[in-house]
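Okay, structure first, notes after.
No lab work stands behind these numbers, since they all come straight from the coordinates. What you are looking at is a predicted structure, and each value in this text was computed from that prediction instead of being measured. Quick reminder, even Gly has a Cβ in these numbers, built from the backbone with ideal geometry, and neighbours come from all protein chains shown.
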Amino acid sequence: MNGGETLDFEIRPHLSPVAAAERSALMANPGFGRIFTDHMVTVRYAEGKGWYDARVEPRAPIPMDPATAVLHYAQEVFEGLKAYRTVDGGVTLFRPDANAARFHASAQRLAMAPVPERLFLDALEALIRVDREWVPSDPEGSLYLRPFQYASEAFLGVKPSSEYLFLIIASPVGSYFKGGVKPVNVWVSRDYTRAATGGTGAAKCGGNYAASLIAQAEAIEHGCDQVVFLDAVEQKYVEELGGMNVFFVFADGSIVTPPLTGTILPGITRESVIRLARDGGLTVREELYSYEQWRADAVSGRLREAFACGTAAVITPIGVVRDREGEFTVADGKAGETTMSLRDTLVGIQRGQFDDPYGWVHRVL
Ligand SMILES: *Cc1c(COP(=O)(O)O)cnc(C)c1O
């Protein structure tokens, strides 16, 4: 663990939290990232002083000087994870230690003072304890947690900020798929790439998303749900989607996913899927896979399934693959058997319905 240091959190309860009846009404149809809990975490950093002033306080706007560094040079990183309600009324997190480690690594890539991993985990728990009523009991729902950190110093020089603010906000979310899992159509961008070697592709930073939005907009324009990025050097190899990693399942039962060469975000769902598939007796290869090969394998029938994965949607089957020249369908365009079986296992572990031999589930309450 990078940093076992932590702080005591001062709890400042909201004086007029959302009433129980209104909260239930909001949580009946939460959508994604539209409604928020009563509180937030804030922790400050200053060079020479370290992290200080850890609080759980009422969620409110953050006053900002117009010269605040993040507004100019985008020094910002974030995380995304979910808290689940257990059948006995408790609350768990899925692999929060992995999010803590990735947040630390992302901050280092962006030349920011990293949040000690222990502090990150304690902050999550402190917020969940105060906002526990906001964790949905609906078996499809969860509380999405968004830790983030930005350069808060007011100055216009190009150098790493000497002050940072670390926050966590939380948002109850419903099922990503209304009315059951259904395959998404994906758009393969031939004009834009997401990350180059030596760049920030492996860091979870807002800037990567800013650069991907035009390609995502192009996907929507062409009737697709998500964009697929190819490598920046040859525009040949499949890397990942805008915010999800990608897997391919072959007729011989083996699985391929692109390797983590520095331009791909190391997804925690990706890593969990690899583990589950291998422990289930499947061969998983982390190797380069070209877009041309994807098309050829889909046409020949060598490719049986393709899916995307990430915290928000867990595992999403891919149906139609389209680019500016045409399209092809993966097998019959329906959710594949291996895809759905991996999904059921992962969701079952996350929600405490299955045993967790990996120690992935972290009990908070
Ligand atoms: C967060 C993210 C993922 C998925 O990571 P998980 O840890 O599985 O949620 C994949 N790609 C990008 C670009 C991401 O930002």
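Numbers below:
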{"item": "Region 1-141: translational diffusion in µm²/s, Stokes-Einstein, Kirkwood Rh over Cα pairs, 4 °C, 1.567 mPa s", "result": "77"}
{"item": "Size-normalised alpha-carbon gyration radius of region 184-350, reference 2.2 N^0.38 Å", "result": "0.96"}
{"item": "Within the chain: Cβ-based charge dipole about Cα centre, in debye rounded to nearest 20 (Lys, Arg +1; Asp, Glu -1)", "result": "240"}
{"item": "Listed residues TRP51, GLY89, PHE155: farthest to the positive end of the dipole of the chain (Cβ charges)", "result": "GLY89"}
{"item": "Fewest-first ranking of THR261, THR338, using other Cβ atoms within 10 Å as the exposure measure", "result": "THR261, THR338"}
{"item": "Extent along principal axes [Cα atoms of the chain; Å; largest to smallest]", "result": "61, 52, 37"}
{"item": "Principal-axis tilt of helix 206-221 within the chain, Cα atoms, nearest 10 degrees", "result": "40"}
{"item": "Sorted by Cβ density within 10 Å, fewest first, the residues PHE307, PHE103, PHE36", "result": "PHE36, PHE103, PHE307"}
{"item": "On Cα atoms only, tilt of 96-109 relative to the major axis of the chain in degrees", "result": "90"}
{"item": "The chain - mean residue ellipticity at 222 nm from DSSP helices (-39,500 (n - 2.57) per run, n ≥ 4, rounded to 500)", "result": "-8000 deg cm²/dmol"}
{"item": "Antiparallel bridge percentage (DSSP; both residues within the chain; nearest 5)", "result": "85"}
{"item": "Farthest positive-ward along region 184-350 dipole, Cα basis, beta-carbon charges - from ILE214, THR338, TRP187", "result": "THR338"}
{"item": "Packing-based exposure ordering (other Cβ within 10 Å, fewest first) of ASP65, ASP131, ASP88, ASP97", "result": "ASP88, ASP65, ASP97, ASP131"}
{"item": "Degrees separating the helix 291-300 axis from the principal Cα axis of the chain, which is the longest one", "result": "50"}
{"item": "Loop-located GluC sites (Glu not before Pro) in region 198-264, at most 14 other Cβ atoms within 10 Å (DSSP)", "result": "GLU234"}
{"item": "Peptide ranges 339-345, 26-32, 183-189 listed from the most packed, as the mean C-beta count within 10 angstrom indicates", "result": "183-189, 339-345, 26-32"}
